[in-house]
Amino acid sequence: MRFGFVRLKAWGASRGDEGCGSLAFMAKPWDINGDDIELWSQQHDASAELPDLVRQLLLATVPLSTLTTTTHAGTRLPGWDMIVRASRESAFCPQGASGWELSIEERRGKLDDDFKKRSADPSPFDPKDTTYVAVSARRISAKIRWAGEQQAKRTWKDVRLLDADDLAAWLALAPTVARWFAGKLGRPSADVEDLDTFLHTWRGRTPRPLPFKLALAGEKRLQQAETVRAWARQAGRRGRALLVHAHTRDEALVFVAAALATDVSPEGHQICARTLVVHTEEALRGALGPASGEPLIVLSNLSSTAPADRAHGALVVPLEGHLPSGSDDVLKVEPAPFMRFVEMLKKDGFSETEARRAQDSGGNLASLQRLFGHVALPRWVEGAPSVPLATMLLVGSFQPGNQEDRDVLALLGADPGEVEALCEHLALAPDAPTIKEGRYGRAVWRWRAEEDVWKFLGGRIPADTLRRFAETIRLVLGEQDPSLELPPEERLQAPFLEKIFRASDVLREGMSRALVRLALSDETLATLHGPQCGSHLASYVLQDLLQPAWSNWASLSNLLPRRFRSVTRSACIQGTT
C-alpha cells in the first residue's frame, strides 16, 4: 500500500520488552479508514458529495468507456445514480456494464428498496448482462450475505455491495482522490496536492483570481500542451520522466497542470484523477512507490530530483534557469505572448484597463501574478549587489557597447562591468528578470518586465544612488540634440552625419521612465528617503529640463507624451518657441 499505515518497532521492543509489539499509526492525513467515512456520511452535504467521491475513484483506478453520474442537486432526479462500463475488472468495479445505487442512510431497508426499484425498471440495462452495485457510506453488517441473497434471485448478472470499509480500502489505491477527500474531512496537508487543489491555490495568490489557462497562452504553447497530454497517456507504462523547462519551476508546473486539466476527453478526466503534485522528498518517495492500480502521474515541486527518479516514466520534473547544452530531451516551454494574456483576461471578465496591465509582464507568469497583487519577492533579489541593481533599475536599459552609456552607469556610482555581469547573471537565473536583445544591430540589456521589477526594488534604492540619479539625469536629458545644428532640410540625415545624442536612445528612454516612476513612488521611497522624496526629485529635475527655449523641448520631443510630439517636432523644424 503506497500511502497506508507505517509500522515502527515500539521503543520498548529495542530493549527486549516482549510486552511491546509493533506500533501502528497513521502516517498521512489522507490515510482514511471506515470510521472516518461513516462519520463524514452524517454531514449535511454527504449525500450530494458521495457520487463525486465514487466518480473520482472510478476515474483514478479503472479504465472506463462510459461513466454517467449525477452529483449535488442531480442526486434527487429519477434514474440510476451511476451508469458505468469498464474495459477490465478491478477490485471494486466489475468488467462490462454496471448500474450503481449510492446511499448514506443507516437503515438496511434503503438497500432493499433501491434493489427492488431497479430490478422492476432496469432501463437502460439488460439485467442478465449487467452487474448491480450498491454503495453505502455506512458500515453494513453481513454485507456479503446481503449481496448473496440478492444474487440468488438471479435478476442480475452479479450483485455487489461496497460499504464504508470498502471505500476506505479503495481510497488507499487512489492517493490523488484520498488527498482530495482528506480536505473534505478537514485534514490539511502541505506536502501533496491533487491537480484541482494545486491550480485553485495558484489562482488564489492574487486578490482577483487569474485563470490558469494563461499558462497555455499562444499557439505554440497549445501545441506543447498536446505533447504533455500524449506523454501522460503513456505515463508509467514506458519511457522516462517528462522534463519541462520554463521561466520558473512554478510556471513549468502550472503549464503541465493546465495542459492536463484542460483535456476534456474521457481519458483526460481519468488522467487528472490520477495526478498528484508533491512538495517534499518523503511525498515523492511514496508517490513513486509500486502502483496498486492505474499508475499515478506525479508532478514534482522539488528544487532537485535524483537521476534515478528521472528514469520513472510517470514523473514530471520542472526545470528553471539556464539549460546546459545537450538538453534535447527537455520540453522547453515557449514564451507566452503578453498580448494574448490581455485578450484572455478580457475574455475572463477583466476590464480593458485591468487586462492591459499584463503588457508589463513580459510574458512571464510570475511577473503577471505580482502585477495583479501577489506578494512574493523573487529569489534572485536576495544576494544581488545593491548599487549595480539600483543602477540598472534607474537606467532601465543600456547598450553595453556604447561607452557613453557605460559612463552614465559610472556616474550613478556603479562599475559598468559589474552592472553588465549582473545582467548576465540575472538572465540565467530562475524567473530571469533581464534579457539581452538587439536594437539597430546593437546589443541592449533591459528588464523583461520593468513595472514588476519596480514593485519590489523601488524601495531599495540606496540614498547615494538616488542623489547621483538626480544629477546624472540632468546631464543626460539636458543635452541639446546635435541634429539641431543642421539646417532643417538636413536633419533627417543626422544619424548618418553622426549628429546624435551621446547616450543611447534606450538609456535616455529608460531614465525618463524611471523619473516618472519615482514621481509616483513617494510611499515606497519614504522608509529610506523620507516623505515625498520621489515627487520632489522629479519636480526639481523637470524644472531644470523644461526651460522655455524651443531647443530644450525639441531635444526632449521623443520622450514627451504623444500629444506634445507633433508640436515640438514642428518647432524643431521651424526653430520657434
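Annotations
- Criterion: at pLDDT below 90 and either open to solvent by 40 Å² or more (accessible area, probe 1.4 Å) or outside the structural domain of ARG233 (by the TED database) (or both) - qualifying residue of ARG310, ARG340: ARG310
- Hey, TRP170 open to solvent by less than 20 Å² (accessible area, probe 1.4 Å), within 21 Å of ALA48 (Cα to Cα), part of a helix (DSSP H, G or I) and touching a Ser or Thr at 6+ places or on another chain (Cβ under 9 Å) or not: yes
- Filtered residue count, segment 351-394, keeping only those that are outside any helix (DSSP H, G or I), on the phi < 0 side of the Ramachandran plot and crowded, with 20+ Cβ neighbours inside 10 Å: 2
- Residues within segment 369-406 that are in contact with a strand residue (DSSP E or B) (Cβ under 9 Å, 6 or more places away or on another chain) and over 30 Å from SER351 (Cβ atoms), tallied: 8
- Test: residue in segment 201-216 that is open to solvent by 50 Å² or more (accessible area, probe 1.4 Å), under 23 Å from PRO335 (Cβ atoms) and not in a helix (DSSP H, G or I): yes
- Cβ-Cβ distances below 8 Å connect the following pairs, each with a first residue in segment 343-363 that is closer than 15 Å to PRO209 by Cβ and touching a residue at least 40 places away in the same chain (Cβ under 8 Å), a second residue that is part of a helix (DSSP H, G or I) and small (Gly, Ala, Ser), and a separation of six or more residues or different chains: LEU345/ALA355; LEU345/ALA358.
- The criterion of at least 2 residues that are open to solvent by less than 40 Å² (accessible area, probe 1.4 Å) and small (Gly, Ala, Ser) is met, among strands (runs of 3 or more DSSP E) falling completely within segment 59-154, by 96-103, 130-136.
- From the list THR227, THR197, the lone residue that is surrounded by fewer than 19 Cβ atoms within 10 Å (Cβ to Cβ), assigned to a helix (DSSP H, G or I), in contact with a strand residue (DSSP E or B) (Cβ under 7 Å, 6 or more places away or on another chain) and not small (Gly, Ala, Ser) is THR227.
- Close Cβ contacts (under 8 Å, 6 or more residues apart or on different chains) running from residues in segment 540-554 that are on the phi < 0 side of the Ramachandran plot and in a loop (DSSP other than H, G, I, E, B) to residues that are open to solvent by 30 Å² or more (accessible area, probe 1.4 Å) and modelled with pLDDT of 75 or more are absent.
- Taking segment 395-510 and the helices (runs of 4 or more DSSP H) fully enclosed by it, no element has 3 or more residues that are touching a His at 6+ places or on another chain (Cβ under 7 Å) and surrounded by 15 or more Cβ atoms within 10 Å (Cβ to Cβ).
The values are calculated or read from the model by the stated rules, or taken from the named source; none is laboratory data. Everything quoted here is computed from the prediction, not taken from an experiment. With ideal geometry, Cβ positions are generated from the backbone for all residues, glycine too; neighbour counts draw on all protein chains shown. Note: areas computed on protein heavy atoms with side chains; ligands, DNA, RNA excluded. Shrake-Rupley method; radii C 1.70, N 1.55, O 1.52, S 1.80 Å.
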